[in-house]
Amino acid sequence: MATNDFISNLHNEVLARIISDLPAIEAIRTTILSKRWKDLWRIVHLLSSCRNGDLEKWIKYLTSEKKVQELAFRCDDFQQEFYRRSHSGRGLNLPSGIFSCETLQSLEFTHYSIRSDSPFHHCHNLKTLKLYHCAISTETLEAIVSSCDLLEYLSVCYSPFRLKQVRIFSQTVKTVELVSLRSQGIYLSTQSLGVLVLHSMKFQAKNLVIHAPNLRVFTATRKPITKNSDNITKIAEILEYCTHLLESRSEIEEATRDYSSVNNRLPYPETKLWEKRGLCDCITFTLKQVSIKGFKGKDGEMEFPRHLITKGAKLKRIEIWCNHDCSREGGEATLGLLSLPRSSIDVSILLKPPPQFDGSFGRWVSTLN
């Protein structure tokens, strides 16, 4: 007769408290007690484990004795005490090169203040690095990336501090994910970058510099650029330079401006940008899938999908998700995209109403004022 597994029913906070009070070796041994506890190789601990040296012992045991390939850490009382200490200069204090284990390929940190790149010295085999809710400076992040010779996947999300800049110069990084960071600008220079995700980012469009000729997927969602007047120009520049781009996703800002005005960066109205700029190689030869969210069907917005539909010779699928406050005029204009001549005979144009509406796009348009 099977017995109830009471341990697996405990809350994460309780498990973290139990493990943080155990000696390092005993904490590791708890992984045999429950399938759920097996994931606690992903070390969840309290600040006391940093102070008394247990965290350092766990890391050394796992890397030297167990030869682990993946390690994840989370400090559960970061918000109450660790975060306060981080302001006074006491960050995650670990020995130099502690993560230089030959077998270690993936590291994940949640709720830490990372003040130095020293623990990451000689991480020659690390391929994945994820930093969630970590306070980190521009210089430290850049130094960590430089220390990881084979890094392929970098994710930096929800940093509580404002970064001067996000600078990534690497010849190995293939995927970069930046989420909810406050920064003056983003500068990426990597031949290997294939996927770029910018989510809820705030910076000026002129300070987004991407040197990634092999970029294949570019996703920008929820107001990635603070000055909307530069958005359309910046997207055009990215598409023109990234000659291997296959897929593009974007979410349009809700605060759209009057596109009939003349942008002082252009010798012609913004509504003529795609017509005057000519064809990008990626639109002509490689781009296959595009997804646009937050669409309202305004004149300035319409030019981009029109350009893709009529010029994208390799396009196979374009999705347009309209915003909940789209006007009747905007909805009807969006429907008009279906009647445009298509450069690609294989392209599917999918028009989507807001997620909360249960019905077809045409039916949704009929309900608009």
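Since every read-out is calculated from the coordinates, none of them should be taken as a lab result. Bear in mind that the values here come from a model prediction, so they are computed numbers and not experimental data. Every residue, glycine as well, gets a Cβ built from its backbone with ideal geometry; the counts of neighbours run over all protein chains shown.
What are the residue pairs meeting all of these: first residue in the stretch 149-160, first residue under 11 Å from Arg182 (Cα atoms), second residue surrounded by fewer than 17 Cβ atoms within 10 Å (Cβ to Cβ), Cβ atoms under 8 Å, and 6 or more apart or on different chains? Sorted first by the residue in the stretch 149-160, then by its partner, the pairs are Cys157/Glu177; Cys157/Ser180; Tyr158/Ser180; Ser159/Ser180; Ser159/Arg182. Look at Leu163 and say whether it is hydrophobic (A, V, I, L, M, F, W, C) and surrounded by fewer than 21 Cβ atoms within 10 Å (Cβ to Cβ). When the stated conditions are applied, Leu163 does not pass them. None of Leu131, Leu198, Leu178 is crowded, with 22+ Cβ neighbours inside 10 Å, under 17 Å from the mean Cα position of the chain (by Cα) and closer than 21 Å to Arg74 by Cβ except Leu178. Considered as a group, the residues in the stretch 181-195 that are polar (S, T, N, Q) and within 15 Å of Arg216 (Cβ to Cβ) include one that is surrounded by the most Cβ atoms within 10 Å (Cβ to Cβ), and that residue is Thr190. Does any residue of the stretch 356-369 turn out to be touching a His at 6+ places or on another chain (Cβ under 9 Å) and farther than 18 Å from Glu247 by Cα? Yes, the stretch 356-369 contains a residue that is touching a His at 6+ places or on another chain (Cβ under 9 Å) and farther than 18 Å from Glu247 by Cα. Selection of the stretch 280-295 for residues being farther than 28 Å from Ser327 by Cβ and either in contact with a strand residue (DSSP E or B) (Cβ under 8 Å, 6 or more places away or on another chain) or of a type in the set (S, T, N, Q) (or both) yields Thr284, Thr286, Leu287, Lys288.
Among the residues of the stretch 319-358, write down those that are within 31 Å of the chain's Cα centre (by Cα) and over 13 Å from Gly297 (Cα atoms). Residues satisfying the conditions are Glu319, Ser344, Asp346, Val347, Ser348, Ile349, Leu350, Pro354, Pro355, Gln356, Phe357, Asp358. One residue stands out among those in the stretch 328-355 that are assigned to a strand (DSSP E or B) and out of contact with any Phe, Trp or Tyr (no Cβ under 9 Å at 6 or more places or on another chain): the one that is surrounded by the most Cβ atoms within 10 Å (Cβ to Cβ), which is Ile349. Just so you know, in the stretch 134-158 the residues that are under 18 Å from Lys174 (Cβ atoms) and hydroxyl-bearing (Ser, Thr, Tyr) include one that is surrounded by the fewest Cβ atoms within 10 Å (Cβ to Cβ), and it is Ser146.
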